[in-house]
1. Here is a check on your reading of the model: is residue 223 closer than 23 Å to residue 20 by Cβ and more than 15 Å from the ligand (Cβ to nearest atom)?
2. Scanning the stretch 172-196 for residues that are within 14 Å of the ligand (Cβ to nearest atom) and surrounded by fewer than 18 Cβ atoms within 10 Å (Cβ to Cβ), which turns out nearest to residue 10 (Cα to Cα)?
3. Between 130, 90, 124, which is surrounded by fewer than 18 Cβ atoms within 10 Å (Cβ to Cβ) and modelled with pLDDT of 95 or more?
4. Give the number of residues within the stretch 192-204 that are part of a helix (DSSP H, G or I) and more than 16 Å from the chain's Cα centre (by Cα).
5. Which ones in the stretch 248-274 are touching a residue at least 12 places away in the same chain (Cβ under 8 Å) and within 13 Å of the ligand (Cβ to nearest atom)?
6. Condition first: in contact with a helix residue (DSSP H, G or I) (Cβ under 8 Å, 6 or more places away or on another chain) and more than 21 Å from residue 271 (Cβ to Cβ). Now tell me which residues in the stretch 142-171 satisfy that.
Ligand SMILES: NC(=O)c1ccc[n+]([C@@H]2O[C@H](COP(=O)([O-])OP(=O)(O)OC[C@H]3O[C@@H](n4cnc5c(N)ncnc54)[C@H](OP(=O)(O)O)[C@@H]3O)[C@@H](O)[C@H]2O)c1
């Protein structure tokens, strides 16, 4: 097992280059999975108020024995809590549920353009960072146009945009938009919810490098500058997903994987309503 590299954020912080997803774990599942993952070397954990497992994630962090300062915890503002005052209260609840004085990364879960509160929600995140209650702030499922509106109206660029991204949905245009704006891309459903792992481009690359299909896909993300947050509740697969930094895919392998076309599994950011 190699050590996990870190990736820089536009606010001077750094994040481990891979994290642990926790949806759809229950509190009990999350407590076990997070404690085990932290003990094996994970240092970034992704949760959200909407997942209903922040209490379990917090229990897992406490049980792991890893010092709080070494763990980076992401949570997200749910749709029902959008708005300035609502978001300040939601963050307090999230910190209470996690049992943490501060969050390392706090994201707006979905833009909900029809509700049109994401700019006020963003102002609350800026305030929470100024107050030291969250270290870094970002968004999830935002389009380039929505990112630009945040910057135009507040002057503050998100550090992260966490979006659906996997070989079936490689998001080349959005990655270019993030690079221009200095935003780190996090990939959710980075393994395509395991539905793409038997694709010949992935299976052949796995054979070439003596690794698993999951490791190939996670390396593909890393080599594109993307931070994947694979979910696994299984210790062997958690270990695999962390062990992706000792080999590199060749350019033709990267291109074949990027060319895999598939559907979007989750919501469309311009349409999806999450509360
Ligand atoms: N911001 C958002 O709107 C949003 C939306 C969806 C998800 N997320 C976050 O992103 C995380 C990951 O996304 P996801 O859970 O949808 O999909 P994913 O990570 O692409 O896939 C998870 C599935 O793959 C399996 N798996 C994990 N590692 C594997 C490996 N090495 N080989 C084969 N199978 C493997 C897992 O099963 P086992 O547990 O049995 O290993 C699970 O069934 C979520 O947990 C959540 O934290 C965010």
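The values are calculated or read from the model by the stated rules, or taken from the named source; none is laboratory data. Since the structure is predicted, the reported quantities are computational estimates derived from the model, not experimental observations. Here Cβ is always computed from backbone atoms with ideal geometry, including for glycine, and neighbour counts include all displayed protein chains.
1. yes
2. Among those residues, the one meeting the criterion is 193.
3. 130
4. Final tally of qualifying residues: 6.
5. Across the stretch 248-274, the qualifying residues are 262, 264, 265, 266, 267, 269, 272, 273, 274.
6. 151, 153, 154, 156, 157, 167
Let's see how each residue does on (1) free of Cβ contacts under 8 Å to residues at least 60 places away in the same chain; (2) over 15 Å from residue 135 (Cβ atoms); (3) touching a helix residue (DSSP H, G or I) at 6+ places or on another chain (Cβ under 9 Å):
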site: 48; (1), (2), (3): no, yes, yes
site: 54; (1), (2), (3): yes, yes, yes
site: 67; (1), (2), (3): yes, yes, no
site: 82; (1), (2), (3): yes, yes, yes
site: 91; (1), (2), (3): yes, no, yes
site: 94; (1), (2), (3): yes, no, yes
site: 97; (1), (2), (3): yes, yes, yes
site: 100; (1), (2), (3): yes, no, yes
site: 108; (1), (2), (3): yes, yes, yes
